[in-house]
Each structure stands twice: as structure tokens, then as C-alpha cells.
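Please read the structure below before turning to the comments.
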Amino acid sequence: MNAGNCNPIPRISTEPSKKKENSVSAPQWSLPKKHYLSDSHIPTRVITCFECDTQNTIPQTALSAHCVRCGSYIKIDKVILGPRSHRTITKTWGDVHVLANSFLDNYKIHCQNLLLEGKISGDFQCANRCIIKCDQHFHGKVSCHTLAIMKKVKVITSQPITTTNAHVFGNLQGDITATGTVIIHKTGQILGDITADRVEIEEGGVHHGNKVYTRKY
Ligand SMILES: [Zn+2]
């Protein structure tokens, strides 16, 4: 008879409880593997949920996110729209690039930076830059933080473009409303009304239309 069987020694595990590990909830965002929680001082950015407008703080390098309030998926990655694109609504906190030789009509875009190398019309809302490198005829609402109409590019707009600052190197036919500064560079032309805090016209730059200053003294 073995004495060990009569008085079994209780087994004590020094490993942490698995239950405790499982109780840690998954983060609302995903990161590239090499950065995953390796640094507690990850730079962050604030993005607004497209569904419920809640502000979400996410790491700069996040690839996707889910809203902390409503749980809906928030797109962060870059979107490329080309001649064969059929996605007429694009909402991302990444950049959108419209490729050359595109002729896209009635699109709705909400993005960080918008680069137009092809033709597109619709409603565009950019949190940062909107760079126009190709002739455009806008029918919808265009708003951004910084507008750049590049050299030899002609933009016709039926509604005022809303921006903070604008750099016009090309030709704008239509009105512009800026809360900051509108600069007409030496190759630039605006045929339309400018509402802005400040307007700078370089030598050679042309403006035909009214200027309304919003700055309060
Ligand atoms: Zn939400």
C-alpha cells in the first residue's frame, strides 16, 4: 500500500489563472503586429464615428477601428477610385485618390486628404487637404481644410467651395468661402467672389469678383 495515495499532496500551480487573462477586453482598434502594445506612449489621433458622431481616440498607426459608443466599423485606410470604380459613397479617415482618366459623377466622399488626378463630381468633405490636379466641374458641396488648385487646372463650381485656406495656382470659376487666407499665386485666377479673413494676390495673379473680409477688428 502506497502512503502517497492516502494523503495526497494538494497541487499548487504558480501559473497565472487563465480566466483572468481572458477577462481583458479586446481593444477597439487594430495595429500592425510589430507595434502591438509594444509602446505605452503610442501617438494618438481623434476620429469621429461616421454613424453616431462620437469622438474616438485611436493610435496614429491603427489600421481600423470600431466606435466605442455604437460599435460600428470606422474605415481608416486609403481608398483609390479609378475609371472602373462603382463605389459612389466613400467614408474613411484615410486618404482618397482619384486616378487620372476617371470620369466619376455623383460621388460622396468623406476623407482625410483628397487628391484629384481624374474628373469627379459630387459632395466632398476633407478634414485636411484637397489637391486638384485635373480640370473639374463641381455641382455639389466641396469643403476642406486646405484647398490647392494646381497650375493650368480649371475648376468650375456651382456652389461656393468652403475651406480654411486656399492656394490657387490655376483657374477657379466660382465662389470661395475661407475662414483663413486665400492666396492667388502668380499663375492663378479667381473669377468669382471671395469671402475670407485675408486675401493675398501675387503679382500676375488675377481676381474678378467681390472680396468680403470676415476679419473682425
Ligand atoms: Zn459610433
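Scan the range 161-194 for residues that are within 10 Å of ALA148 (Cα to Cα) and part of a loop (DSSP other than H, G, I, E, B) and jot them down.
PHE169, GLY170
Restricting the range 62-108 to residues that are within 24 Å of GLY140 (Cα to Cα) and of a type in the set (Gly, Ala, Ser), which is surrounded by the most Cβ atoms within 10 Å (Cβ to Cβ)?
Checking each candidate, the answer is SER102.
Only one of these conditions is not met by GLY122: (1) surrounded by 15 or more Cβ atoms within 10 Å (Cβ to Cβ); (2) within 16 Å of the ligand (Cβ to nearest atom). Which number is it?
(2)
I'd like to verify a number: residues in the range 67-110 that are in contact (Cβ under 8 Å) with a residue 12 or more places away in the chain and more than 16 Å from the ligand (Cβ to nearest atom), how many?
So the answer is 27.
Any idea which residue in the range 56-66 is farthest from the ligand (Cβ to nearest atom), counting only those that are part of a loop (DSSP other than H, G, I, E, B) and among the hydrophobic types (A, V, I, L, M, F, W, C)?
LEU63
Return yes when ILE161 is under 27 Å from ASP105 (Cβ atoms) and surrounded by 15 or more Cβ atoms within 10 Å (Cβ to Cβ) and no when it is not.
Here the answer is yes, as ILE161 does meet what is asked.
Listed residues VAL168, VAL206, VAL182; which is surrounded by fewer than 18 Cβ atoms within 10 Å (Cβ to Cβ) and aliphatic (A, V, I, L, M)?
Sole residue among the options that is surrounded by fewer than 18 Cβ atoms within 10 Å (Cβ to Cβ) and aliphatic (A, V, I, L, M): VAL206.
Please work out if LYS151 is basic (Lys, Arg) and crowded, with 18+ Cβ neighbours inside 10 Å.
no
I'd like to check something: does the range 63-80 contain any residue that is in contact with a Pro (Cβ under 9 Å, 6 or more places away or on another chain), more than 27 Å from ILE132 (Cβ to Cβ) and modelled with pLDDT under 90?
Within the range 63-80 (the criterion being in contact with a Pro (Cβ under 9 Å, 6 or more places away or on another chain), more than 27 Å from ILE132 (Cβ to Cβ) and modelled with pLDDT under 90), the answer is yes, since at least one residue qualifies.
Where the second residue is assigned to a loop (DSSP other than H, G, I, E, B) and more than 9 Å from the ligand (Cβ to nearest atom) and the first is not assigned by TED's automatic domain parsing to the domain that holds ASN128 and of a type in the set (A, V, I, L, M, F, W, C) and lies in the range 46-57, which pairs have Cβ atoms under 8 Å and are six or more apart or on separate chains?
Qualifying pairs under 8 Å: ILE47/ILE76; ILE47/TRP93.
Do any strands (runs of 3 or more DSSP E) entirely within the range 68-121 hold 1 or more residues that are basic (Lys, Arg), and if so, which?
Ranges flagged: 73-75, 89-91, 103-111.
Checking CYS49 against (1) touching a Leu at 6+ places or on another chain (Cβ under 9 Å); (2) within 13 Å of the ligand (Cβ to nearest atom): exactly one of these is not met. Which one?
(1) is the only condition that CYS49 fails.
Failed condition for ASN101, given (1) modelled with pLDDT under 95; (2) touching a His at 6+ places or on another chain (Cβ under 8 Å); (3) assigned by TED's automatic domain parsing to the domain that holds LEU147, with all others met?
(2)
Quick check on the range 114-147: of everything there that is over 14 Å from PHE169 (Cβ atoms) and hydroxyl-bearing (Ser, Thr, Tyr), which residue is farthest from the chain's Cα centre (by Cα)?
By that ranking, first place goes to SER121.
Please tell me if THR48 is within 15 Å of the chain's Cα centre (by Cα), within 26 Å of GLY122 (Cα to Cα) and surrounded by fewer than 17 Cβ atoms within 10 Å (Cβ to Cβ).
Considered against the rule, which asks whether it is within 15 Å of the chain's Cα centre (by Cα), within 26 Å of GLY122 (Cα to Cα) and surrounded by fewer than 17 Cβ atoms within 10 Å (Cβ to Cβ), THR48 comes out as yes.
The values are calculated or read from the model by the stated rules, or taken from the named source; none is laboratory data. All of these numbers come straight from a predicted model, not from anything done at the bench. Neighbour counts are summed over all protein chains in view; Cβ atoms, including those assigned to glycine, are modelled from backbone coordinates with ideal geometry.
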